[in-house]
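The structure appears below as structure tokens.
The values are calculated or read from the model by the stated rules, or taken from the named source; none is laboratory data. Just so you know, these numbers come straight off a predicted model, no measurement behind them. Note that we place each Cβ from the backbone using ideal geometry, even for glycine, and neighbour counts take in every protein chain shown. Note: accessible area is taken over every heavy atom of the protein model, side chains too, but ligands, DNA and RNA are not part of it. Shrake-Rupley method; radii C 1.70, N 1.55, O 1.52, S 1.80 Å.
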Amino acid sequence: MAETILKVEGAGFSYKKGKPLFSDVNFELHQGEIFTILGPNGAGKSTLLSCISGYFPLSSGEVSVGGRGIREYSSRELARWIGVVPQMQAKTYDFSVREYIAMGRAPYLGFGKSPSRTDYALVDQVMEELGISRLADQFYTRISGGECQQVLIARVLVQQSRIILLDEPVNHLDYGNQIRILRLLKKLAGRDYGIILTTHMPDHALMLGGTVAVLDRQGRLEVDKSGRLLGEEYLYELYGERICRTYVEKAGREACLPYPLQRRESARQTVQEGQGDGIMLTDAGRSVQ
């Protein structure tokens, strides 16, 4: 069995004098595992990641990595365990992409020290592997959203953390870049990185495989490896919309797909013959006189 590299036990969080955002959250992350967290807007997925990374202190419970609570680590030590790819990253200073990625080496540098040739060699290697070497001398503040996301992931890889947390990593990306990022995450898991990500797309969880969890509106996290949480009935309860889970032969995989946009309306709206303006909506959504 793969090594347990992160454990969350009885975790709860609330803002000052506020209702708990989530409570009694429990799960483990293993080496080489992808752990995907689904849930509606406002459920607290991003906050949960911030607590796991140590950015927010838990109101209750504990997060541990390597058998030690994260509060026992210095920030530099913890950064060697956990790397974070945020949903949004402020672009403040005009660093080159190469310089920005090199900042991932900070946990290994002494105070006031600059990255060495060895550090920059690792930066160049990671950029080459991700296919972004062409961006090396461009200003980080002037690259596209898709390129920015790849640069953020490159910085975490240079950080050489065993665990990578990603908050909606394909948000705001075009479809091609979404697929490339998901493919990269799958590849990283194959290299024994432990990966936790949040997403609003159940189809992404199907594509990635691994473990799926749902943080619901009541702040409860349910973890399931059987696939029940990606079943049609559960997804309807979660999102309030019918979603079809089906095998797409041409794609060679199962997929979660929405029904036609008029389907729900046509099922709800019926006009009795002879009433109103005499229009009746059929099951196919066609109007007839």
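Neighbours of S74 by Cβ distance under 12 Å: Lys/Arg scored +1, Asp/Glu scored -1, total +2.
Full extension of the chain between H172 and S114 yields a length gain of 17.6 nm, computed as 0.36 nm times the residue separation minus the alpha carbon distance.
Give the cross-link partners of K19 among the lysines, using a straight C-alpha distance below 21 Å as the criterion and excluding same-chain residues fewer than 8 apart. Within reach: K45. Taking amide H as placed 1.01 Å from N in the peptide plane, I143 has no amide H partner under 5 Å among residues 5 or more places away or on another chain.
For the range 161-176, the Karplus equation 6.51 cos²θ - 1.76 cosθ + 1.60, evaluated at θ = phi - 60°, returns couplings of 7, 7, 10, 10, 9, 10, 9, 6, x, 10, 4, 6, 9, 5, 4, x Hz by residue, with Gly and Pro reported as x.
Starting from the Kirkwood radius over alpha-carbon pairs of the range 173-239, derive D by Stokes-Einstein at 4 °C in a medium of 1.567 mPa s and give it in µm² s⁻¹. Mind dumping the intermediate values first?
Numbers: Rh = 13.2 Å.
My calculation gives 98 µm²/s for D.
Atom-type composition of the exposed protein surface of the chain places 49 percent of the accessible area on carbon and sulfur (1.4 angstrom probe). In order along the range 112-129, phi translates into HN-Hα couplings of x, 7, 9, x, 8, 4, 5, 4, 5, 5, 5, 4, 4, 5, 5, 4, 5, 5 Hz, rounded to whole numbers, per the Karplus curve 6.51 cos²θ - 1.76 cosθ + 1.60 with θ = phi - 60° and x for Gly and Pro.
Cross-link pairs exceeding 30 Å in C-alpha to C-alpha distance, out of K7/K186; K113/K186; K16/K225, comprise K113/K186; K16/K225.
Under 5 Å between amide hydrogens, built in the peptide plane, is the criterion, and for Q160 it picks out nothing among residues at least 5 positions away or on other chains. Around the amide H of V84, modelled in the peptide plane, lie the amide H atoms of L165, all under 5 Å away and 5 or more residues distant in sequence or on another chain. In order along the range 22-36, the phi-based Karplus estimate (6.51 cos²θ - 1.76 cosθ + 1.60, θ = phi - 60°) of 3J(HN,Hα) comes to 8, 8, 6, 8, 9, 6, 10, 10, 9, 4, x, 9, 9, 10, 9 Hz; Gly and Pro are listed as x. The region of the chain that goes longest without hitting one of the chymotrypsin sites (Phe, Trp or Tyr not before Pro) in a DSSP loop, each with at most 15 other Cβ atoms within 10 Å, is 112-289. For the range 192-256, the list of trypsin sites (Lys or Arg not before Pro) that fall in a loop by DSSP and count at most 14 other C-beta atoms within 10 angstrom reads R217, R220, K225, R242, K250.
Ordered from longest to shortest, the equivalent ellipsoid semi-axes for the range 23-107 are 25, 18, 13 Å, each the square root of 5 times a Cα gyration tensor eigenvalue. A dipole drawn for the chain from +1 and -1 charges on Cβ atoms has a positive end, and of G104, S114, H200 the residue lying farthest that way is S114.
In the range 118-274, what % of DSSP beta bridges are antiparallel (nearest 5)?
Working: 10 of 15 bridges.
Just about 65 percent of them are antiparallel.
Taking the DSSP beta bridges with both ends in the chain, the antiparallel portion is around 60 percent. Averaging 1/r across all pairs of distinct Cα atoms in the chain and inverting the result yields a Kirkwood radius of 21.2 Å. Rounded to two decimals, the Cα-based Rg/Rh of the range 1-67, with Kirkwood Rh, is 0.98. Any idea of M201's accessible area? Nearest 10 Å², probe 1.4 Å. Looks like 90 Å² after rounding.
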